[in-house]
1. Less than 10 Å Cβ to Cβ from Thr132, Lys/Arg counted +1 and Asp/Glu -1: what total charge do the surrounding residues give?
2. Using the alpha-carbon centroid of each, what span in Å lies between the stretch 1-75 and the stretch 101-172?
3. If packing is taken as the mean number of other Cβ atoms within 10 Å per residue, what is the order of 127-135, 180-188, 101-109, highest first?
4. About the Cα centre of the chain, what is the dipole size in debye to 20, counting +1 per Lys and Arg Cβ and -1 per Asp and Glu Cβ, all else neutral?
5. With only Lys, Arg, Asp and Glu charged, each at its Cβ (+1 for the first two, -1 for the last two), find how big the charge dipole of the stretch 45-122 is about the Cα centre; round to the nearest 20 debye.
6. Set the Förster distance to 22 Å, then compute FRET efficiency between Thr212 and Asp48 from the Cβ-Cβ distance, nearest 0.05.
7. Within a Cβ distance under 12 Å of Glu143, other residues only, what is the Lys/Arg minus Asp/Glu net charge?
8. Round to the nearest 10 and give me the degree value, 0 to 90, for the angle of helix 13-24's Cα axis relative to the longest principal axis of the chain.
Amino acid sequence: MSKVAFITGATSGFGRATARRFAEAGWALVLSGRRLERLEELKAELQDKVPVHITTLDVRDAAAVKAMVYGLQAPFDRIDVLVNNAGLALAPEAAQKVALEDWHTMIDTNVTGLVNVTHAVLPKLLAIGKGTSIINIGSVAGEWPYPGGHVYGATKAFVKQFSFNLRCDLVSTGVRVTDIAPGMAETEFTLVRTKGNQAASDALYGTTTPLTAEDIAEQIFYVATLPDHININRLEIMPSRQAWSPFAIDRD
Ligand code: NDP
Ligand code: 8X3
């Protein structure tokens with residue numbers, strides 16, 4: 001029987017690359033996102049290799065998440081690995097310039113959405129136990145503050161602490177939990193963050209060497225396929241050409 005990975009946010013970036021990586025290794029896939037056409041394209045690409053179930057799902061909608069997960073049919077009714085990847089940043093401006101709605105969207109997606117999915121899937125992971133994993137996609141922004149990070153970084157700090165606290169409660173169940181915290185990676189992330197500014201996205205990534213979606217997919221697959229007795233608590237990954245800056249100091 002194939003192991004099953006459920007990947008949220010599979011229509012783009014890390015999620016799509018992760019679906020491809022698990023398919024390469026023969027895993028059955030449950031793939032979700034809001035954009036049906038993208039999901040259909042990915043299913044068409046992968047279904048000759050592995051069983052693929054696609055479902056449109058907004059992770060902010062707790063009832064829809066629960067109905068989807070509880071309605072899964074064989075061979076997708078077992079979940080071995082949950083990749084909580086769906087998420088976004090908005091409003092790269094300073095906090096004092098940001099619309100409240102953008103803060104709410106980030107909290108609703110990155111925090112509430114992630115806990116909605118975790119809560120719905122947890123019984124399925126517990127039913128299998130040993131060797132199963134919850135892999136939460138956090139960010140370097142959850143650890144390191146930077147201008148314009150405001151609520152985005154705070155949501156990823158939540159992801160980190162939630163992951164660690166889950167570890168405490170799940171320690172005797174066999175269910176592993178990891179916070180994967182990428183740094184700068186070229187996906188549609190900046191396009192979304194800037195509400196469609198492709199030039200800003202190209203400028204950010206074009207003059208350096210960002211991580212790729214495939215780099216992160218490889219790490220997710222690595223974490224998910226370690227021997228059962230190993231739990232990576234947190235994996236922070238930056239491109240070689242990214243590091244920290246000095247403290248900001250306001251001067252006269
Ligand atoms: P993309 O914008 O390329 O992908 C984001 C994915 O999240 C899409 O598939 C999107 O699908 C999905 N998504 C967003 N909102 C929702 C929602 N409400 N319900 C369901 N799905 C949703 O960006 P990345 O691949 O870069 O981002 C993936 C994760 O990685 C995010 O959590 C992000 O915060 C995190 N991250 C990204 C980094 C980067 O530099 N790229 C670095 C560190 C972390 P759809 O729109 O179809 O719903
Ligand atoms: C996304 C990476 O550096 O823009 O989480 O915060 S960063």
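1. On the way: positive: Lys3, Arg78, Lys124, Lys130, Arg176; negative: Asp80, Asp228.
Neighbour charge sum, excluding Thr132 itself: +3.
2. Measuring centre to centre over Cα atoms gives 19 Å.
3. The densest-packed peptide leads the list: 180-188, 127-135, 101-109.
4. Once rounded to the nearest 20, the dipole reads 500 debye.
5. Details: 5 positive and 10 negative charges, 38 e Å.
The calculation lands at about 180 debye.
6. My answer for the efficiency is 0.35.
7. Here the charged neighbours net out to +1.
8. 30 degrees
Values quoted throughout were computed directly from the atomic coordinates according to the rules given, and no laboratory measurement underlies them. These figures come from a predicted structure and were not determined experimentally. Positions of Cβ are generated from backbone atoms using ideal geometry, with glycine treated the same way; all protein chains shown enter the neighbour counts.
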